[in-house]
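I'd like to ask some things about the structure below.
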């Protein structure tokens with residue numbers, strides 16, 4: 001199976017009454033970023049936004065090619081191994097591992113080990129993916145990416161209305 005070109009992974013804990021300092025104390029690590037409900041932040045365009053919920057976020061190092069298993073191991077190894085603490089957090093807050101998958105081509109894939117899946121399940125961590133496909137203009141005389149063997153213009157290319 002061809003691997004996904006790059007992966008990003010972030011452990012996120014969010015909730016209305018979340019205090020990032022309390023989460024850090026419980027997990028035994030400082031977040032990559034955090035905020036409390038009501039904090040004011042600036043967007044990239046310079047607009048102020050008021051945070052609607054509290055958030056504690058720990059980002060793993062991006063992997064090229066993708067290796068979500070290593071990212072999960074790296075994230076969890078620096079945090080408490082006490083499953084009762086994790087269960088309490090997942091009952092009180094939204095806890096998830098958000099993964100971004102960045103493809104260089106079509107038909108890339110990944111596998112997660114049973115160990116990674118079990119480690120997330122034991123902690124009550126949801127797993128989510130966003131998949132970013134490459135954008136490349138397809139010439140009308142190229143083979144259609146659907147695999148039909150026809151030229152793109154004769155197959156899946158959008159037609160003018």
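For the range 21-35, give me each residue that is under 25 Å from residue 100 (Cβ atoms) and assigned to a loop (DSSP other than H, G, I, E, B).
Those that are under 25 Å from residue 100 (Cβ atoms) and assigned to a loop (DSSP other than H, G, I, E, B): 29, 30, 31, 32.
I want to confirm something. Restricting to the range 80-112 and keeping residues that are part of a loop (DSSP other than H, G, I, E, B), in contact (Cβ under 8 Å) with a residue 60 or more places away in the chain and touching a helix residue (DSSP H, G or I) at 6+ places or on another chain (Cβ under 9 Å), which single residue is nearest to residue 12 (Cα to Cα)?
So, considering only residues that are part of a loop (DSSP other than H, G, I, E, B), in contact (Cβ under 8 Å) with a residue 60 or more places away in the chain and touching a helix residue (DSSP H, G or I) at 6+ places or on another chain (Cβ under 9 Å), the one nearest to residue 12 (Cα to Cα) is 93.
Any idea which residue in the range 113-146 is farthest from residue 66 (Cα to Cα), counting only those that are touching a helix residue (DSSP H, G or I) at 6+ places or on another chain (Cβ under 6 Å), touching a residue at least 24 places away in the same chain (Cβ under 8 Å) and surrounded by fewer than 14 Cβ atoms within 10 Å (Cβ to Cβ)?
That would be 122.
Can you pull out every residue in the range 36-58 that is surrounded by 18 or more Cβ atoms within 10 Å (Cβ to Cβ) and in a loop (DSSP other than H, G, I, E, B)?
Listed by number, the list is empty, since nothing qualifies.
Still on this structure, I have one more. Return yes or no: is residue 61 part of a loop (DSSP other than H, G, I, E, B), modelled with pLDDT of 95 or more, within 24 Å of residue 77 (Cα to Cα) and within 20 Å of the chain's Cα centre (by Cα)?
yes
The values are calculated or read from the model by the stated rules, or taken from the named source; none is laboratory data. What you are looking at is a predicted structure, and each value in this text was computed from that prediction instead of being measured. Cβ atoms come from the backbone with ideal geometry, glycine included; neighbour counts cover every protein chain shown.
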